[in-house]
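**Q** Pasting a structure below so you can have a look.
Bear in mind these aren't lab numbers, they're just calculated from the coordinates by the rules spelled out. In this text the structure is predicted, and so the values were computed from the model without any measurement. Positions of Cβ are generated from backbone atoms using ideal geometry, with glycine treated the same way; all protein chains shown enter the neighbour counts.
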Amino acid sequence: MDFSLFAHMERLSPEQDHQSLYDDFLSLCTMADDGGMRAIWTGEHHGMEFTIAPNPFITIADVARRTQNVKLGTGTVIAPFWHPVRLAGEAAMTDLVTGGRLELGVARGAYSYEYERMMPGLDAWEAGQRMRETLPLLPKLWQGDCAHDGKYFSFPSTTSTPKPVQQDGPPIWVAARDPNSHEFAVHNGFHVQVTPLWQGDAEIVSLMDRFNAACASHSGPRPKIMLLHHVYVGSDAADVDQAAQELSRFYNYFGAWFQNKRPVQQGLIQTLTQEEMDANALMAPDKLRQDLTMGTAQQVIDRIKRYEDLGYDEFSFWIDSGMSIERKRASLARFIDDVMPAFA
């Protein structure tokens, strides 16, 4: 099994300095590279201090200069916010800048807050349809002289400039959840990224079942599937319990952003009260302690062994959590030093 890091800048209060947050993000990236992880993933979000990532290509170009071996992935670009010609060209340019290390993760997007600001009137269904029209065009644009007349995009014969360093272009990964998304990805030769969020082992099994069903319906080569999950490797049980509290807070805010009902000022959502968080049983610390990849090193190894047995090719350590940088670094260090060697 391969391992990767999934990370963004995350700002919880106006007192936090953006430059310090970016320096913290870079420190995690260099740890992942030095520690032998296969890839780093960072995504695209707009107007949200909760997840600061307006253009992953800019971030990746900078991270490329500070790392040596790790692949650098968009986790993910939001397809409906991009014209296919622009996306193909910027991805190819990033592949050139990074020396052929780019991997292109793509999603339809999740937050209606962003849809309202970037493409008013867009809903999740149309976003998915736009993604399905865009992605098959990228390899054709990288190959050159691609013309297209579709529902959402039309353009005369066009060639990506520059062309990617990688012969067939950067590997494409699709963020998939429902069976149709898995089938779309597999039938087009794209790899698959999945995340069960807080939904636990049953969802992890179900996501793999959907992927296997898509592979069974397709005669081509089997692509890869990556599991993205929140991780905390604790020094002891008390340390893990603290992490469960912190991740409960993170997921309460994640849910608030997703519901898009609370006021937002200066990019920060209205503060949740402790009473509101305590009332959310779905994201209670005890539940997350069971459903996320959390525990001491051996407990985390045992959980990931189960994911490996299910058939996952890559496990991505989702480190966004609202924790201090010291706690993030300590958990990641234990993961690199004590967990990854069990899978060598």
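**Q** Sort the following peptides by mean Cβ neighbour count (other Cβ atoms within 10 Å, averaged over residues), highest first: 271-283, 156-168, 86-98, 3-15.
**A** 86-98, 3-15, 156-168, 271-283
**Q** Over 32 Å between Cα atoms, which of Lys140/Lys328; Lys71/Lys328; Lys163/Lys224; Lys261/Lys328 qualify?
**A** Lys140/Lys328
**Q** A further question on this structure: Take the Cβ-Cβ distance between Gln167 and Asp209 as r, set R0 to 41 Å, and report the resulting FRET efficiency rounded to the nearest 0.05.
**A** It comes to 0.80.
**Q** Please find the FRET efficiency linking Asn180 to Ser112, where r is the Cβ-Cβ separation and R0 is fixed at 25 Å, and quote it to the nearest 0.05. Numbers along the way, then the final one.
**A** On the way: r = 21 Å, r/R0 = 0.82.
That pair, Asn180 with Ser112, gives E of 0.75.
**Q** Moving to a separate point now. Give, in nm to one decimal, the length gained when the segment between Asp309 and Asn188 is fully stretched (0.36 nm per residue of separation minus the Cα-Cα distance). Before the final figure, lay out the partial values.
**A** Numbers: separation 121, 0.36 × 121 = 43.56 nm, distance 2.55 nm.
The Asp309-Asn188 span can extend by a further 41.0 nm.
**Q** Let me ask something additional. Which residue fluctuates most in the GNM of the chain (Cα springs below 10 Å): Gly150, Gly255, Gly169?
**A** Gly150
**Q** Determine which aspartates and glutamates satisfy two conditions relative to Lys151: a Cα distance under 12 Å, and not lying fewer than 8 residues away in the same chain.
**A** Qualifying aspartates and glutamates at Cα under 12 Å: Glu126, Glu133.
**Q** Here's another thing I want to ask about it. Taking 8 Å as the Cα distance limit and 6 or more residues as the minimum spacing, I'd like the relative contact order of the chain as a percentage.
**A** Relative contact order of the chain: 19 percent.
**Q** In whole Å, how far is the Cα centre of segment 34-55 from that of segment 210-233?
**A** Each part's Cα centre sits 21 Å from the other's.
**Q** Please list the equivalent ellipsoid semi-axes of segment 247-344, computed as the square roots of five times the alpha-carbon gyration tensor eigenvalues, in descending order and whole angstrom.
**A** Taking √(5λ) for each eigenvalue gives 30, 15, 13 Å, largest first.
**Q** Sort Asp241, Asp320 so the one with the fewest other Cβ atoms within 10 Å of its own Cβ comes first.
**A** On the way: Asp241 14, Asp320 19.
In increasing order of surrounding Cβ atoms, one gets Asp241, Asp320.
**Q** How would you order 54-64, 298-308 from highest to lowest mean count of nearby Cβ atoms within 10 Å?
**A** Sorting 54-64, 298-308 by mean packing, highest first, produces 54-64, 298-308.
**Q** Another question, then. I want to verify the translational diffusion coefficient of segment 2-343 in µm²/s; compute it with Stokes-Einstein, Rh as the Kirkwood radius over Cα pairs, at 4 °C and 1.567 mPa s.
**A** Roughly 63 µm²/s, to the nearest whole number.
**Q** Expected output is a single nm value to one decimal: the length gained when fully extending between Arg65 and Gln129, i.e. 0.36 nm times separation in residues minus the C-alpha distance. What is it?
**A** The span from Arg65 to Gln129 would gain 19.5 nm if fully extended.
**Q** If you don't mind, another one. Non-local amide H neighbours of Gly73 (under 5 Å, H modeled in plane, Pro and chain starts lacking H): which ones?
**A** Ile40, Trp41, Thr42, Glu103
**Q** Across every pair of different alpha-carbon atoms, what Kirkwood hydrodynamic radius in Å does segment 76-169 reach?
**A** It works out to 13.7 Å.
**Q** A further question on this structure: Taking 0.36 nm per intervening residue step and subtracting the Cα-Cα distance, what contour gain separates Asp34 from Ile58 on full extension? Write down the numbers at each step before the final one.
**A** Details: separation 24, 0.36 × 24 = 8.64 nm, distance 2.15 nm.
Residue separation times 0.36 nm, minus the Cα-Cα distance, leaves 6.5 nm.
**Q** In deg cm²/dmol, rounded to 500, what helix-only [θ] at 222 nm does the chain give when every DSSP H run of at least 4 residues adds -39500 (n - 2.57) and the total is split over its residues? List each step's numbers first, then the result.
**A** Values: 13 runs with 152 residues, N = 344.
After summing the helix terms and dividing by residue count, I get -13500 deg cm²/dmol.
**Q** What order do you get for 71-80, 125-134 when each peptide is scored by the mean count of other beta carbon atoms within 10 Å, highest first? Working shown, then result.
**A** Numbers: 71-80: 25.6, 125-134: 18.8.
Packing proxy ranking, top to bottom: 71-80, 125-134.
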